[in-house]
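What follows is one structure encoded as structure tokens, with my remarks underneath.
The values are calculated or read from the model by the stated rules, or taken from the named source; none is laboratory data. Computed from a predicted structure; not experimentally measured. Here the Cβ positions follow ideal geometry from the backbone for every residue, glycine too, while neighbour counts run over all protein chains shown. Heavy atoms of the whole protein, side chains included, go into the accessibility calculation; ligands, DNA and RNA do not. Shrake-Rupley method; radii C 1.70, N 1.55, O 1.52, S 1.80 Å.
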Amino acid sequence: MILNPKPLTRAELIPEQDLPDATWLMDQGKQLATMVTVGKSPFLSHYQVMSEKDYKQHAVQEGRIMLHAQVGYRSLDKSRRAFAEIYHKLEKQGYRIDRFGICLDWSMGYPASMRRDMPQGTGLIIPRVEDFIALTHEVPVAPHFGDFVLGTPASLENTCASLLAGSTSIGNMGQYFTFRMPNWQDDVGITAETVKSIALCAAQPVDILIHSNLDDGFASIFTDMACSIGSVLLEQYIVDELIGGQVSHCYGHTYSDPMGRLAFQRALTQVSVTPGTMVYGNTMIYVEDETENYANLGSYLLVDIVAQQLLPSGHGLNPVPVTEAMRIPEIIEIVEAHTFANRLIQRAVGFEALFDIEKVDVVTRQLIEGGRLFKQRVLDGLLEAGIDISNPLEMLLAIRRLGARRLETYFGPGEPAPDQIHQREPLVKTTTLASLENQAAEIVKTMQDMDKQAIAGKNWIACVTCTDVHEYGKLLVESVLRKLGIKIVDAGVSVDVDDVARIVKEEMVDFLAISTYNGVAFEYLKALRAEMMRDQVNIPIFIGGKLNQIMDDSSNSLPVDVSDDLEELGGLVCHRVEDMLERLLEMTRE
Ligand code: B12
């Protein structure tokens, strides 16, 4: 990355001569709204509300804190059972669950006709509209279709199914900006389907929240939290002003600093015109120990509860089960996390008086001012590059193609600073990227000088990549290897096997390091091995991350560890970065 980057041009961002007409796309969505409308649901009828927005506004007025659970097992039956059990078990204790976030599978992002042959993750696969309806009709809890609906090739069909099933909160714009479906190159098509889908929601006679999880979007890669508030403002501009929808935001996975987390909630609430969808749990701090995770859960949830006491924002809070980092949480584990949260809400009364809100609001103001500056700079920059900033299709496409790093480097509100990760001094630092850098430095520090020299002396070239949006493992590996003097060929994020195989061959790399999290490790390595064999390339392949998969012959449709299968395929399985370093040292001796 360069400090004074060359000006952006339209040719670089949108080289296509012909794009679908945005007005026509919006009209298509509007027309569809005459046929597809929000279906009945136990939630809407039980609480006698027109939409979840309506429900949220009532809860804000009553000062009641709402709760969210994320559910989506591969099997529809188990997911339905989960809805019923969670609702009834909590009701028995006198507690309420307000909303379910439905975790559709990765493969649900493809049009139904293509799904069968596409890579599957670990989430819920529901083929028919009737299945969407069966799920939401289980209990009176707001159904939130937040994953793999908007922003995918199947945007429109999944939006129709979600609306018909009575959902009034549909996402996920965050995913639109960053997620890539394997073997799918057509981002113009995805954008067009997304514009149509938002217009369909906007034309409904009731309020539909267009959900956007900021961490799924650019927030997990920005180094400045002010850029995330800027993203909120940009999404409001595109979704609300240009398409006529109502965007609503979620944050939380990566917000690990209590001050930043609280200030962000306050800044977001001040700039928002709709109630928020949910505050996600701070999953980044979870470890593989249930007891420790209760402390982690308590620490972020207390901040979220106090935030709602001080400035209700309509978000549902998400108590993440303490087993989350080890496996997809079981039904009872979700109930336990909610019991914990409900008790904590009762116990937290009075805590708000202990907080120095003046101090927090210094940060809140920095976030809002920085966010506004970022938004303005992005609009000015795109206009200057020749993008039609009144066209939602062009805006979405240009921002998606720019990506988090370039957006921050070009337009971040902080002062230019060549030594910073994105070459700007963050106004309010995010914690994740900086902590990955520290972790990498620690790993290298513990190595003996002799070993470091042995590795550096090899002048190796490594190709580093990841199979899906989870990019932290890749960043950590990259940083460690770089510090050891190894040249990096960055194959990128969410990369298809044929592209990895091509890069490995063209760049003549000495070894490959793959990070993978979406439950596709086995299929991915198998396909990659076959490609590389065709190219007659045989180099060491290190693989780490979440090494599991739901196997075809699975009886319970849960993912299982595939480390042994990966070894059999010739992969070098690494549970820690140090495993790779040990093997590299052995290679220096061979
Ligand atoms: C952060 C996170 C995200 C962020 C990612 C941000 C980003 N830009 O990277 C966001 C919010 C975007 C996200 C999205 C999703 N996520 Co997520 N996410 C996580 C989380 C919390 C942390 C993973 C992580 O990056 N850790 C940081 C790394 C550095 O640490 P580590 O994982 O411990 O890795 C160590 C080693 O494994 C090693 N390592 C890692 N890779 C490699 C590679 C090599 C070569 C080597 C040597 C070593 C190595 O390095 C580390 C230190 O030693 C995990 C849960 C958890 N706590 O693990 C879920 C998790 C991975 N996510 C999960 C899911 C399901 C999703 C979604 C599909 C959810 C959804 N429905 O939308 C989407 C992904 C969609 C897509 N298109 O891909 C599941 C995966 C389920 C499974 N496979 O069983 C998990 C496990 C949560 C869960 N229990 O359900 N997620």
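Just a few scattered comments:
- Between segment 530-579 and segment 265-309, the alpha-carbon center distance in angstrom: 34
- Sorted on the mean count of surrounding Cβ atoms within 10 Å across their residues, most packed first, peptides 37-45, 174-182, 267-275, 442-450 read 174-182, 267-275, 37-45, 442-450.
- Overall form of the chain per C-alpha gyration tensor (a/c, 1.5; a/b vs b/c): rounded
- Taking Cβ atoms as reference points and 10 Å as the exclusive limit, the residues near E425 contribute a net charge of -1, counting Lys and Arg as +1 and Asp and Glu as -1.
- For segment 341-348, 3J(HN,Hα) per residue [Karplus equation, 6.51 cos²θ - 1.76 cosθ + 1.60, θ = phi - 60°, Hz, x = Gly/Pro]: 5, 4, 5, 5, 4, 5, 6, 7
- The angle separating the long axis of helix 187-202 from the principal Cα axis of greatest extent in the chain is about 10 degrees.
- Which listed pairs, of K445/K487; K483/K526; K56/K429; K452/K546; K526/K546; K53/K196, have C-alpha distances above 24 Å, in listed order: K483/K526; K56/K429; K452/K546
- Apolar share of the accessible surface for the chain: 51 percent from carbon plus sulfur atoms, 1.4 Å probe.
- Counting only protein heavy atoms and a 1.4 Å probe, the chain has 40 square angstrom of accessible area per residue.
- DSSP-defined beta bridges in the chain - what % are antiparallel, rounded to 5: 10
- Segment 494-515 and segment 150-201: distance between their alpha carbon centers, rounded to Å: 30
- Cross-link partners of K78 among aspartates and glutamates (Cα-Cα below 19 Å; sequence separation of 8 or more within a chain): D105, E130, D131, E138, D147, E324, E330, E333, E336, D552, D553
- Mean-position separation - Cα centroids, segment 86-147 and segment 356-429, in angstrom: 34
- Spread of Cα-to-Cα distances over 5 Å intervals beginning at zero, given as percent, for segment 68-153: 3, 15, 26, 24, 15, 9, 5, 2, 1
- For the chain, the longest principal axis of the C-alpha atoms and the axis of helix 432-445 are separated by about 30°.
- Interchain or long-range residues, amide H under 5 Å from M66's placed H: L317
- Packing rank of 120-129, 416-425, where each peptide gets the mean count of other beta carbons within 10 Å, highest leading: 120-129, 416-425
- A simple rule links phi to the HN-Hα coupling: the Karplus curve 6.51 cos²θ - 1.76 cosθ + 1.60 with θ = phi - 60°, which for segment 275-285 gives x, x, 7, 9, 9, 6, x, 7, 5, 4, 8 Hz, with x for Gly and Pro.
- Sorted into 10 angstrom bins from 0, the C-alpha pair distances of segment 93-211 split as 14, 48, 30, 7, 1 percent.
- Count Lys and Arg as plus one, Asp and Glu as minus one, and take only other residues whose Cβ is under 13 Å from that of M551; the net charge is then -4.
- Taking a sphere under 14 Å around the Cβ of H211 and counting the other residues whose Cβ falls inside, with K and R at +1 and D and E at -1, yields a net charge of -4.
- Note on T588: accessible area is roughly 30 Å² with a 1.4 Å probe, heavy atoms of protein only.
- Its relative contact order, with pairs defined as Cα atoms under 8 Å and 6+ residues apart, puts segment 406-483 at 27 percent.
- Once C-alpha pairs closer than 8 Å and six or more residues apart are averaged by separation and normalised to the residue number of the chain, the relative contact order reads 14 percent.
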